[in-house]
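The values are calculated or read from the model by the stated rules, or taken from the named source; none is laboratory data. As the structure is a computational prediction, the values presented were derived from the model and not from experiment. Note: accessible area is taken over every heavy atom of the protein model, side chains too, but ligands, DNA and RNA are not part of it. Shrake-Rupley method; radii C 1.70, N 1.55, O 1.52, S 1.80 Å.
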Amino acid sequence: MRVVQALTEPSQQGRVALRLSERRVVVAATDLLALNAALCLALSRRFTSPDGLRWLGDRPEWFLLLSGLWLLVARGLDGYEARTLSRLPDSLLASTKAVLLTGLVYLLIPYITPPLPASRGGLLLFPALGCGLVGAGRLIVGLVLPRMEPLRAVIVGAGWAGRTIAEVLSTDGQAAYRVVGFVDDDPAKQVRPLEIRQGCALRVLGDRRVLPDLVCRHRITTVVLAITREVDAELLAILLDCLERGAEVVPMPVLYEQLTGRVPVEHVGENWYVALPLSHPGTSQLWQFVKRGMDVVLGGAGLAVLLGLLPWIALAIYLDNPGPIFYVQERVGKGGRIFRLYKFRTMVPDAERSGPQWARRNDPRVTRVGRFLRATHLDELPQVWNVLLGEMSAVGPRPERPEFVEEFARTIPFYQLRHAVKPGMAGWALVKQGYAAGREDALVRLQYDLYYIKHQSLWLDLVILLKAFLRVLGLKGRR
C-alpha cells in the first residue's frame, strides 16, 4: 500500500517548484496588477467614465505586451529571486529598476503600444506611476508575507551534502524555509552542534528512526534527503512513513537546483540520475529548429553590427599595439569537436609564449584598447561568424580550450556533459558567475551549465540575452 501511494504521488520536483514559487506568484500578480493600473491611469484622465473604460477595453494587446515585457525584465534583473524577495530594500530597488527599464522599452515599441497623447504628458507619467504603485504593492506584500509560517525542514544526512544544503537554505531560501536540524546515524555527529556558517549552527536530532516522530512533533513539511548513497530498504520505509504523515521528501540536488539555479554535481554520488540532464530539451527536433532560427536571426544582426564597427575597432587595435586584428583560438564544441573561435585581439602579440594561461584580473598582457573591448564584450563580437557557421549558438555554455577541458575532465565529475549542446556567446554561467579563472570557478560554471542544459527554453534564452545586454551596459566584462 505504501509503495503504491509513493508511486502515485506527484513528481517531487514539481511539488518543490510549486511550494517555492508561492511567494513569487503572489508578488508577480501584485506587480502586474499595479503596473497595468499605472498604464490605465496614465492613458486616461477619465478612466472612471464609461467612455474611458470602453476605450481601454478595446486594447487588450497593450496590457498583454506590457505584462510579458515586465516578467522578462523583472526576471532578468533578479526581481523574483528568493534572496531579493526576502529583503524589502532589495525588493524595492529591483522593482524600481525593472519598472524604469520596462517603461523605457515599452514606450519605444511602435505601432503595438499606446500612442502618445497630444499633450505627451499623460503617458510619460507611466514610469513614475509604475514605480509608485509597484513599490507600494511590494511594500504591502513584504509586510504581510513574512508573517506566513515558513516551511519547516529536516535534513537527512549531516555530511558535506547536508551542511551544503543547510547553508543554502539559511541564505537563498531563508524567506521560505526554517531548518529544524539534521538526522544522521553517526553517533559522533550527535555530540555537538554542527556549524553551518558563521553565527549559525544546527544539531543532529537523532538517527533515522526518530524521523517520523520529528515530522509530527515539529510539524515538518519537507524532508531533505542529503545522502549520496543508495537508499536502503529500512530508510525507504521510514521515508514512506513521513510521506504518509504529510511531509514531502526532496532529494538534496533537486532543492539545491531550485534555490540556486545550479546542479550540485559534487553532491550527486550514486544518485546521479536525480540531477543530470538525461533527456534534456535540446534533444527535441522542434527546439533545435527554433534554436537555429534564433541563432540565424541574431547572428545576422550581429554580423551587420560587426561590419559597421570593424574599421574603427581594427584601427584602434593597430594604433594601440601593432599586430593581428583578430585572435583565433581552438575551442571544444558540441560532441567534443574542435573548432576555431574568432575574437578581436585584446592582448599583446605572443601573450602565451610559455603555454596556455588563465586570464587574470588586471592582466598586464592586456592592451589599453583591449581593456575597453573586454569591458564592453566587443572582443567577443566576431564570434557571430561562428554562430552563423553553426559551430556556436547565441546562448549556451561558454566554449573552453582543449587543454583545460582535458584537465577538468580528469578532476571534475561530469565535466564533459557541457558538450551535450552547442557552446554559446552568452550563457547562464556567464551572466550568473562571470568568467572562470581556475578549477574552482570551472566547477561552479559546470553547475550553472548543467542547469541550463536541463532547463533550456526560449524563455530562459531571452532572460540570458537580457542579462548579457545589461552586463554590456554596465561594463561588467573582463578587465
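Remarks
- Amide hydrogen proximity for SER284: with H placed 1.01 Å from N in the peptide plane, no residue at 5 or more positions away or on another chain lies under 5 Å.
- With the whole protein complex present, GLU61 retains an accessible surface near 80 Å², based on a 1.4 Å probe.
- Surface exposure of segment 197-248, expressed per residue as accessible area with a 1.4 Å probe, stands at 51 Å².
- In order along segment 289-295, the phi-based Karplus estimate (6.51 cos²θ - 1.76 cosθ + 1.60, θ = phi - 60°) of 3J(HN,Hα) comes to 5, 4, 4, 5, x, 5, 5 Hz; Gly and Pro are listed as x.
- Prolate/oblate/rounded call for segment 186-294, Cα gyration tensor, a/c under 1.5 rounded: prolate
- Anisotropy class of segment 217-260 from Cα gyration tensor, a/c 1.5 cut: oblate
- Amide H contacts of TYR327: LYS343, PHE344, ARG345, each under 5 Å away and 5 or more positions distant or on a separate chain (H built 1.01 Å from N in the peptide plane; Pro and chain starts excluded).
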